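Notes for the one structure printed next.
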């Protein structure tokens, strides 16, 4: 994924938290994929306006605090993404999604 990012890449999560820099964002993605190793997005519609692309679909995965993909730790949520492209690379990736499904799974695993 890092190969597709600009050096000044910006990632903004569903809570509005902003992270800047290709290396920093790539490290954060790597950590997230360790926590949700089967994370996947499914795109149903795509719209573009110049360098801005909007995608509508869903996100899903399995929260895996111990490396095990237990079916009861799976989650899914509707999602949208706004992407800004510059020089054929992703300059900004913004996620719009309800984080509550994964939060509920994580809370159950803390008990």
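No lab work stands behind these numbers, since they all come straight from the coordinates. Note that the structure is predicted; figures quoted are calculated from it, not measured. Cβ placement follows ideal geometry from the backbone for every residue including glycine, while neighbour counts extend to all protein chains displayed.
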Top-ranked residue of region 73-90 - restricted to ones that are over 17 Å from residue 14 (Cα atoms) and touching a residue at least 12 places away in the same chain (Cβ under 8 Å), ranked as farthest from the chain's Cα centre (by Cα): 87
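Working only within region 51-77, note down all residues that are in contact with a helix residue (DSSP H, G or I) (Cβ under 6 Å, 6 or more places away or on another chain) and part of a strand (DSSP E or B).
Within region 51-77, 62, 75, 77 meet the criteria.
Mind checking whether some residue in region 34-50 is in contact with a helix residue (DSSP H, G or I) (Cβ under 8 Å, 6 or more places away or on another chain) and surrounded by fewer than 13 Cβ atoms within 10 Å (Cβ to Cβ)? Give the derivation first.
Initial filter on region 34-50 (in contact with a helix residue (DSSP H, G or I) (Cβ under 8 Å, 6 or more places away or on another chain)): 36, 39.
With the extra rule that they be surrounded by fewer than 13 Cβ atoms within 10 Å (Cβ to Cβ), the set shrinks to none.
For region 34-50, residues in contact with a helix residue (DSSP H, G or I) (Cβ under 8 Å, 6 or more places away or on another chain) and surrounded by fewer than 13 Cβ atoms within 10 Å (Cβ to Cβ): absent.
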Scanning region 8-44 residue by residue, those farther than 23 Å from residue 71 by Cβ and assigned to a strand (DSSP E or B) turn out to be 8, 9, 10, 11, 12, 18, 19, 20, 43, 44
Kindly indicate whether residue 38 is over 24 Å from residue 8 (Cα atoms) and in contact with a strand residue (DSSP E or B) (Cβ under 8 Å, 6 or more places away or on another chain). yes
